[in-house]
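We did not get these values from a lab; they are worked out from the coordinates using the rules stated. The shown structure was predicted, so the numbers you read here are calculated from the model rather than taken from an experiment. Every residue, glycine among them, receives a Cβ derived from its backbone with ideal geometry; neighbour counts consider all protein chains shown.
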Amino acid sequence: MDVDGTLIKGNSAEKLFFWFLFRKGYMRRGNFVRFVLRMVWYTLTVGLDQAKGRNKSYLKGESEDKIREWIREYSREVLPGLISPVLRSRIAALREQGYEIILLSGSLQMLVEEIVRAVGAQKGIGVRLEKKAGGMTGRISGIYPFSESKLKALREHCDFSRIDWKHSWAFADRVADLPVLESVGNPVVVNPEKRLENIAKKRGWEILKW
């Protein structure tokens, strides 16, 4: 199941986390400036979608413990109001039927882990941060799960030979998620952008809006 725009309100749980840190005064001023400059550079070189996923400059130099502390605070104060009760119910129903629920997102792995706990999923796959002795480098480590790369990230964490693709479900809101939606027997588009909604109608996929 996709997270941003599907399971939660808004197009990015991490974007909301970014502004949470900014409002609280937790973000270093230098990191804010570095993030903006790096966003411009990434957008010009690899495109906006990649820029949003790869630019972690706002966390440069921070420790994992400190970031997890901030995420726990964000999860208490902000996250509960973002999660769709409709999707929460679908997750519960699928779990009762014996399905393993995997959240797949381009947001921070540590943030995805909090969302996994909040909705009762079993696994979460997100973006991991590169870290060195002095703390986080502001770069990612490994795959950025976006478009086709979501399946690559899934392969790293799951045994594909054990997945019953024909009877599996996928929930997503963007055309970029087509590779995942097309890989399962039960694709569901959630609050879809217009192009994806048109595709879903032509193919007879379930369309869910909340």
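Per-residue packing, averaged as other Cβ atoms within 10 Å, sorts the ranges 17-25, 174-182 into the order 174-182, 17-25, beginning with the highest.
With both residues required to sit in the chain, DSSP beta bridges show an antiparallel share near 30%. Near the amide H of Ile125, within less than 5 Å, lie the amide hydrogens of Leu103, Leu104, Ser105, all on another chain or at least 5 residues away, with H placed in the peptide plane. Relative to the Cα centre, the charge distribution of the range 78-210, modelled as +1 at Lys and Arg Cβ and -1 at Asp and Glu Cβ, gives a dipole magnitude of about 200 debye. Phi angles of the range 96-102 translate, via the Karplus equation with coefficients 6.51, -1.76, 1.60 and θ = phi - 60°, into HN-Hα couplings of 5, 7, x, 6, 8, 9, 10 Hz per residue; Gly and Pro are given as x.
In the structure shown, the pairs Lys123/Lys152; Lys166/Lys202; Lys66/Lys132; Lys9/Lys166; Lys52/Lys131 are assessed against 21 Å; a Cα-Cα span above that value is assigned to Lys9/Lys166. Between the amide H of Glu62 and those of Met136, distances stay under 5 Å, these residues lying 5 or more places away or on another chain, with hydrogens modeled in the peptide plane.
Suppose only helical runs count, i.e. DSSP H with n ≥ 4. What mean residue ellipticity at 222 nm does that imply for the chain under -39500 (n - 2.57) per run, divided by all residues and rounded to the nearest 500 deg cm²/dmol?
Helix contribution divided over all residues of the chain: -14000 deg cm²/dmol.
For Thr6, Thr43, the sequence from fewest to most other C-beta atoms within 10 Å is Thr43, Thr6. Computed from the Cβ-Cβ distance with R0 of 35 Å, the FRET efficiency linking Thr137 to Asn186 stands at 0.35.
Along the range 79-88 the Karplus relation, 6.51 cos²θ - 1.76 cosθ + 1.60 evaluated at θ = phi - 60°, assigns HN-Hα couplings of 4, x, x, 9, 7, 6, x, 5, 6, 4 Hz to successive residues, with x for each Gly and Pro. The HN-Hα couplings worked out from phi for the range 181-197 by the Karplus form 6.51 cos²θ - 1.76 cosθ + 1.60 (θ = phi - 60°) are 4, 6, 8, 10, x, 10, x, 10, 9, 10, 6, x, 5, 4, 4, 5, 4 Hz, whole numbers, x standing for Gly and Pro.
Amide H to amide H distances under 5 Å link Val190 with Ala172, Asp173, Leu208, where only residues 5 or more positions off or on other chains count and H is placed in the peptide plane. Computing FRET efficiency as 1/(1 + (r/R0)^6) for Val36 and Lys66, where r is the C-beta to C-beta distance and R0 is 30 Å, gives about 0.90. Under the shape rule built on the C-alpha gyration tensor, where the axes satisfy a ≥ b ≥ c, the chain is prolate, since a/c reaches at least 1.5 and a/b is greater than b/c.
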